[in-house]
1. How big is the range 53-107 along each principal axis, measuring the range of its Cα positions in Å and listing the largest first?
2. With a 10 Å radius around each residue's Cβ, average the other Cβ atoms per peptide and rank 57-64, 85-92, highest first.
3. In nm, to one decimal, how far is the modelled label at Asn95 from the one at Lys50, with both set 7 Å along Cα→Cβ?
Amino acid sequence: MSSGYATDVQPVMLRRNSTQTTVPGLHHHHSSSSSSSRHATSSRSDMPLKGWFNRRGDQFIDKNTVICQPMDRQFSSRFKGYPEVGQGYGDSNGNIIDVQGRLIKRI
């Protein structure tokens, strides 16, 4: 059942369910009495980007939805090869779409 609020149309990765909340950039830690269950986590900057981003790091979801980077993460070096703000969004392969989601350049 939809309540009509914006959260009903958010991407699945931002929706809350009864057991956990998942937000990009946040790590969830589970307590454990065993030290053997601990594992090293790599930096998120080591992971390849999935999705469409602009130079500031904002992520394009669809033509009505963009997830903006927090001020302290804007214009990261990870996004140096991506389109400037207002010019479109690029993916990790070099493909570019405009701000409406139409393909401009395919690699």
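1. 30, 23, 15
2. 85-92, 57-64
3. Going by the 7 Å Cα→Cβ label model, 1.5 nm.
Coordinate-derived values only; no laboratory data. None of the values given here were measured: they were computed from a predicted structure. Every residue, glycine as well, gets a Cβ built from its backbone with ideal geometry; the counts of neighbours run over all protein chains shown.
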